[in-house]
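All remarks here apply to the structure that follows.
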Amino acid sequence: MEIKNLIEAIAKALVDNPDQVTVRPVEGEQITVLELRVHPSDLGKVIGKQGRTARSIRTILGAAGMKLKKRFTLEILE
Amino acid sequence: MTTQLSPEQAESNYLARIGSLVGEIIHYGGFDLKSTVRKSNATGEGPDAAEIVVNFEGPDSDLLLEKNAALLDALEYVVLKAVRVDDELNGRFSFDCDGWRQVRAEELKLTALMAAKQAIETGSPFHLTPMNSRERRIVHLALKEETAVRTMSEGSGPSRKVVIYPTTSPS
């Protein structure tokens with residue numbers, strides 16, 4: 001799944017512990033939720049100041065979804 | 001990573017990492033875009049204008065520039081964060097598409113001048129729409145010489161915006 005790889009590539013580039021990055025797609029009828037897990041110490045790296053990094057990742061995800069005519073949401077889990 | 005790199009080495013190091021992450025995002029995101037790196041000799045706006053520009057072109061340029069270039073800004077933010085560009089180098093990198101940065105800067109300058117005029121005429125502060133730090137800076141600089149107003153950034157996070165205050169009462 002390319003979209004899973006997209007989030008994985010971005011998250012791995014952002015964190016200190018790339019081997020601890022996992023993305024699990026949970027497919028619903030209308031929407032696919034991507035559950036992103038990172039090492040607890042890397043949480044701030046994927047969320048960013050006032051959530052700006054997470055917001056930027058969601059913007060990229062939304063645009064990729066538009067190309068596929070599918071909806072995706074990103075959940076960042078501890 | 002304590003090895004001392006020359007500025008040129010540091011720069012080509014960043015460029016390689018920027019290029020590889022941008023490539024992955026374009027590929028996995030299914031974006032129909034091509035990116036090229038352009039070095040300008042800082043001939044742009046102001047002494048610290050971006051010197052290294054990652055330029056995008058292709059059929060998905062429109063997608064990149066929708067909603068005031070939300071996707072272009074998001075890409076720039078994430079990629080520069082990931083590459084961890086030193087603070088002193090950060091302003092030197094910029095992502096662009098179809099000359100957007102220049103067009104947007106001109107648009108912001110015009111907006112700033114019109115808003116200042118309105119603030120002076122009405123004698124009340126003019127609140128601009130929320131902008132990121134680069135865009136707020138353009139507005140502040142555009143009105144630096146205008147003594148009839150002073151500008152402040154107010155609010156926090158994504159809702160931070162420039163407010164233009166008249167310094168004189170309306171005549």
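The values are calculated or read from the model by the stated rules, or taken from the named source; none is laboratory data. Remember, it's a predicted structure, so these values are computed and weren't measured experimentally. Don't worry about glycine lacking a Cβ; one is built from the backbone with ideal geometry, like all the others, and counts go over all protein chains shown. Accessible surface is based on the protein model in full, side chains and every heavy atom, while ligands, DNA and RNA are left aside. Shrake-Rupley method; radii C 1.70, N 1.55, O 1.52, S 1.80 Å.
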* Asked: Under a 5 Å amide H to amide H cut-off, with H placed in plane at 1.01 Å, what residues pair with A:Phe72 once short-range neighbours are removed?
  -> A:Thr32
* Asked: What FRET efficiency do you get for A:Arg24 and B:Ser20 if R0 is 25 Å and r is their Cβ-Cβ distance, rounded to the nearest 0.05?
  -> 0.50
* Structure fact -> Relative to chain B, whose Cα atoms define the longest principal axis, helix B:61-83 and its Cα axis are tilted in degrees, nearest 10, by 60 degrees
* Using a cut-off of 19 Å between alpha-carbon atoms, which lysines can reach B:Lys81, once sequence neighbours fewer than 8 places away in the same chain are excluded? -> A:Lys12, A:Lys45, A:Lys49
* Of the trypsin sites (Lys or Arg not before Pro) in chain A, those whose Cβ has at most 16 other Cβ within 10 Å and which sit in DSSP loop -> A:Lys69, A:Lys70
* Starting from the Cα of B:Lys144, draw a straight line to each of the aspartates and glutamates and keep only those under 19 Å, dropping any in the same chain fewer than 8 residues away. => B:Glu45, B:Asp48, B:Glu106, B:Glu107, B:Glu121, B:Glu135, B:Glu154
* Output the Cα-based Rg and Dmax of chain B in Å, rounding Rg to one decimal and Dmax to a whole number. => 18.6, 63
* In Å², nearest 100, what accessible area do chains B and A bury in total when the solvent probe is 1.4 Å? -> 2000 Å²
* Helix A:52-68 axis, angle to chain A major axis (alpha carbon atoms, nearest 10°) -> 20 degrees
* Counting only other chains, what is the mean number of Cβ atoms within 10 angstrom of the Cβ of each residue in peptide A:60-69? -> 5
* Working from Cα positions, state the angle (0 to 90°, nearest 10) between the long axis of helix B:133-142 and the longest principal axis of chain B. => 40 degrees
* Asked: Taking only the alpha carbons of region B:104-166, what extent do you get along each of the three principal axes, in Å, biggest first?
  -> 29, 23, 15
* Portion, in percent, of the accessible area of chain B that falls on carbon or sulfur, probe 1.4 Å -> 52 percent
* Quick one: Cα centre-to-centre distance for region A:42-70 and region B:103-145, in angstrom? -> 29 Å
* Please give the peptides A:19-26, B:62-69 ranked by average Cβ packing (other Cβ atoms within 10 Å per residue), highest first, as a rough proxy for protection. => B:62-69, A:19-26
* Asked: Hey, which lysines would be in cross-link range of A:Lys70, C-alpha to C-alpha under 20 Å, not counting anything within fewer than 8 residues on its own chain?
  -> A:Lys4, B:Lys67
* Structure fact -> Computed over chain B, the relative contact order (Cα-Cα under 8 Å, seq sep at least six) in percent reads 16 percent
* Asked: How large is the accessible surface per residue of the protein assembly as shown, computed with a 1.4 Å probe and reported in Å² as a whole number?
  -> 56 Å²
* Residues in region B:1-31 that, when all protein chains are in place, have 10 Å² or more less accessible area than the chain alone would give (probe 1.4 Å) -> B:Leu21, B:Glu24, B:Ile25, B:His27, B:Tyr28, B:Gly29, B:Gly30, B:Phe31
